[in-house]
Amino acid sequence: MGEKHSPALPQREFVPALGRPELTGLYDRAVALLTRERRWRAALLRLVAPAPGDTILDVGCGTGSFAILMKRDCHGARVIGVDPDPAVLTIARAKAERAGVAIEWAEAMGDELAKLDRAPVGKIVSSLVFHQCPLPMKRAIIAAMRQVLRPGGALFVADYGEQRSRFMRLLFRQIQRLDGYDNTQPNADGVLPKLLGRAGFEQIAERQVIPTPTGSISLYSGIKPPIAARSEHLH
């Protein structure tokens, strides 16, 4: 099936999917083995609940696994995958073609969403992205997400959240060695819902906590307030 492409924005530094570029080809296998992927992706899909007419932005879409899952669940939804890594987008495009689904792909950082020149979207989802980002970038991505969401739009995040037990903190050290202590520790301390609140999201909730062999993954949701300033709308 055909697909649409957005022009790439100038390249900036980012953390590759598995921490190092040479490991990108192993990403899907590693996520499947180490994160109880099928369980948290299924739970996240239930939260997002793609519906006909939805426009859903998948920020940090990686190799496209969840974007494809959403499109398969509802062919009437418009799914847009965004990632700064051309290598993972190449994998994502091939996977979508094999799956027979049409997904739009855009090469951009998570804080560059407004530069994609799209109308505000109704739903945004992000999985396993924030734990790889420095704290200022976490803030910037969340601000960009809020900007491109329409008033009343929903944000859904699946990522390593607060590691509440000694055992989960011990398991999470594997991720910290791979993605860096400075980037990952704020997640382990439970920073994500606080950042969502400071960015202006409402009805923020940790919807589920899923233990995995590499620490616990939390599912979060939040809503952009229904009344928003006109200046936040994209042109």
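The table below lists the values:
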| item | result |
| --- | --- |
| FRET efficiency for Arg198 and Arg164, using Cβ-Cβ distance with R0 set to 22 Å, rounded to 0.05 | 0.50 |
| FRET efficiency, Leu135 to Ala94 (Cβ-Cβ, R0 35 Å, nearest 0.05) | 0.55 |
| Förster-model FRET efficiency, 35 Å R0, Leu33 and Ile227, C-beta, rounded to 0.05 | 0.20 |
| Cα centroid of segment 42-112 to Cα centroid of segment 135-186, whole Å | 19 Å |
| Heavy atoms of Met137: accessible area, 1.4 Å probe, square angstrom to 10 | 40 Å² |
| Derived scalar couplings ³J(HN,Hα) [segment 151-164; Karplus, 6.51 cos²θ - 1.76 cosθ + 1.60; whole Hz; x for Gly, Pro] | x, x, x, 10, 10, 10, 10, 10, 6, 4, x, 4, 8, 8 |
| Rounded, prolate or oblate (a/c below 1.5 giving rounded, otherwise prolate when a/b exceeds b/c) for segment 71-182 by Cα gyration tensor | prolate |
| Solvent-accessible heavy-atom area per residue, rounded to whole Å², over segment 137-235 at 1.4 Å | 48 Å² |
| Separation of the Tyr181 and Arg46 label points, Cα + 7 Å toward Cβ, nm | 3.8 nm |
| Solvent exposure ordering (accessible area, 1.4 Å, most first) of His131, His75 | His75, His131 |
| Proximal lysines relative to Lys224, as straight alpha-carbon distance under 25 Å, when same-chain residues fewer than 8 apart are discounted | Lys71, Lys115, Lys123, Lys138, Lys194 |
| Model label zone, Asp189; criterion: amide N under 17 Å from point 7 Å along Cα-to-beta-carbon; scope segment 140-159 | 140 |
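The values are calculated or read from the model by the stated rules, or taken from the named source; none is laboratory data. Being a predicted model, the structure only gives us computed values, none of them experimental. Because the Cβ atoms are built from the backbone with ideal geometry, glycine has one as well, and the counts that use them run over all protein chains shown. The area values use the complete protein model at the heavy-atom level, side chains included, leaving out ligands, DNA and RNA. Shrake-Rupley method; radii C 1.70, N 1.55, O 1.52, S 1.80 Å.
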